[in-house]
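Data first, discussion second: the structure below is written as structure tokens.
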Amino acid sequence: MRENIQAVRGMNDLLPGDASAWQALERAARETFAEYGYREIRLPLLERTELFKRSIGEFTDIVEKEMYTFVDRGGDSLTLRPEATAGIVRACLTNGLLHNQRQKVWCMGPMFRYERPQKGRYRQFHQIDVEALGFEGPDVDAELILMSARLWRRLGLAGLTLNVNSLGTPESRAVYRARLVEYFQRHEQALDEDSRRRLSGNPLRIHDSKKPAMREVVAGAPLITDHLDPASAAHFETLRAQLDAAGLAYVVNPRLVRGLDYYSRTVFEWITSDLGSQDAVCSGGRYDGLVEQLGGDPVPAIGWALGEERVVELLRLQGQAVEEPVADVYLALAGAAAEHVGLQLAETLRDAQPGLRVETNCGGGSFKSQLKRADRSGARYAVILGDDEVARRVATVKPLREESEQRQVPLDELPAALAAARAAARTGSD
Ligand code: ATP
Ligand code: MG
């Protein structure tokens, strides 16, 4: 016996019954972005490995241990994108989109990280990503955050907490970093192995440590918010004032540092208490140095990304599950003559009533089994066509969800009859 081939660990199949929730999320995001004047950009899933090393940073978890990297047949080192920002900046540079222009863009699609798979954490996962390039802020910082809040409202999501912080400039961060290293060196015996390693590479990330034993030493560490340069402090203050003016609640979290090297000034994260330890639903920040770091003229920029798996799960937990749309009509065809005209009848119905969902019985079967399928399809009506009906140019319309009698309708009146029945059903269910 041949063995079945398994899916790759940490990579999920999205099955037909689950697709509606994803479509609803993606539709809501598209509509929201359009309302703010952001435009779609679609990019390759593969980039040169160097792009991620230079942008995300050599000492980050992503670059150190999570990238799917391989050498292609031509000898180039390529990497499946672990996030979208680096590729967007690369595409803006390659296509000259930042020459005397600014860009507000969004994209969505799969990302790849070799992490330990668990609930809410996968090796192929999906992000919806927005970026504004060429804007100093803090107005655009506030706009991006308000846009995310509007998306939650549109989806009917509740219970999300917005955390904000400022990381200052690379210069002020370097001063802070030195003070932090000095502090942690003094408390080195209290650090776990991971944190000791981060001490030389990426000491800010020690704030992220979730180990209870480290709580005390982390709590006593100096805070970045106390080390901001005056311009960054003013930027942060204006952002907070904008959020206040919009009536958007937030928490200033001085320990929010984010895992990627390229951030500066504003960083933020939307957190939920409904998803256990995978609690970040959406996160982002400003990356004023990245464009120059990747070879362009300096261009300030900011963006965020949400994890679709986590948002879809949250929708489900909060009872915002999206019903799968069902057929309006199931067309049952009994007999050779009926099968012969059936497909054409279905086309005529769709022509007459754009949007009408007509599921045609393909592959024959007994009359009884066709009616069973009609029932299972969830359709409101079965339209039954037998050879006898074809000869008389009529069809039988059988209501499947209500207690009314089936009736015969002349074929050329069928579109109008279904339209009327459908309209009546819609008003009835409102
Ligand atoms: P986390 O702290 O949960 O690892 P992160 O800081 O690595 O998140 P980002 O790189 O900012 O996450 O990505 C933005 C969003 O993408 C996250 O807020 C999360 O919702 C989602 N996300 C990140 N990694 C994964 C993953 N491996 N599986 C599913 N979703 C993910
Ligand atoms: Mg992560």
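The values are calculated or read from the model by the stated rules, or taken from the named source; none is laboratory data. Note that the structure is a prediction, hence the values are computed from the model and not measured. As a convention, Cβ positions derive from the backbone with ideal geometry for all residues, glycine included, and neighbour counts pool all protein chains shown. Accessible surface is based on the protein model in full, side chains and every heavy atom, while ligands, DNA and RNA are left aside. Shrake-Rupley method; radii C 1.70, N 1.55, O 1.52, S 1.80 Å.
Only one of the listed residues (ARG113, ARG102, ARG173) is basic (Lys, Arg) and either surrounded by fewer than 20 Cβ atoms within 10 Å (Cβ to Cβ) or without any contact (Cβ under 8 Å) to a residue 24 or more places away in the chain (or both). That residue is ARG102. Within region 37-59, count every residue that is in contact with a strand residue (DSSP E or B) (Cβ under 7 Å, 6 or more places away or on another chain) and not charged (D, E, K, R). Total meeting the criteria: 8. Only strands (runs of 3 or more DSSP E) whose full extent lies in region 34-143 are considered here, and the ones with at least 1 residues that are closer than 25 Å to GLY168 by Cα are 103-112, 124-133. In this structure, does ARG81 turn out to be modelled with pLDDT of 95 or more, among the charged types (D, E, K, R) and within 16 Å of ligand 2 (Cβ to nearest atom)? Yes, satisfied. In region 63-78, of all residues being modelled with pLDDT of 95 or more and of a type in the set (A, V, I, L, M, F, W, C), the one that is farthest from ligand 1 (Cβ to nearest atom) corresponds to VAL71.
Residue by residue, here is whether (1) assigned by TED's automatic domain parsing to the domain that holds PHE52; (2) open to solvent by 30 Å² or more (accessible area, probe 1.4 Å) holds:
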site: GLU182; (1), (2): no, yes
site: LEU199; (1), (2): no, no
site: ALA221; (1), (2): no, no
site: LEU239; (1), (2): yes, no
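Determine, yes or no, whether GLN127 is in contact with a helix residue (DSSP H, G or I) (Cβ under 8 Å, 6 or more places away or on another chain) and within 14 Å of ligand 2 (Cβ to nearest atom). The answer is yes for GLN127. Only one entry of GLU131, GLU136, GLU143 meets the criterion of being open to solvent by less than 30 Å² (accessible area, probe 1.4 Å) and in the same structural domain as GLU83 (by TED's automatic domain parsing), and that entry is GLU131. No other residue among THR60, THR32 is among the β-branched types (Val, Ile, Thr), at pLDDT 95 or above and assigned by TED's automatic domain parsing to the domain that holds THR85 apart from THR32.
Every condition in (1) out of contact with any Ser or Thr (no Cβ under 6 Å at 6 or more places or on another chain); (2) away from ligand 2 (no atom under 14 Å from the Cβ); (3) charged (D, E, K, R) is met by ARG265 except one, and the failing one is (1). When region 59-87 is limited to residues that are without any contact (Cβ under 8 Å) to a residue 40 or more places away in the chain and out of contact with any Leu (no Cβ under 9 Å at 6 or more places or on another chain), the one that is nearest to LEU306 (Cα to Cα) turns out to be PRO82.
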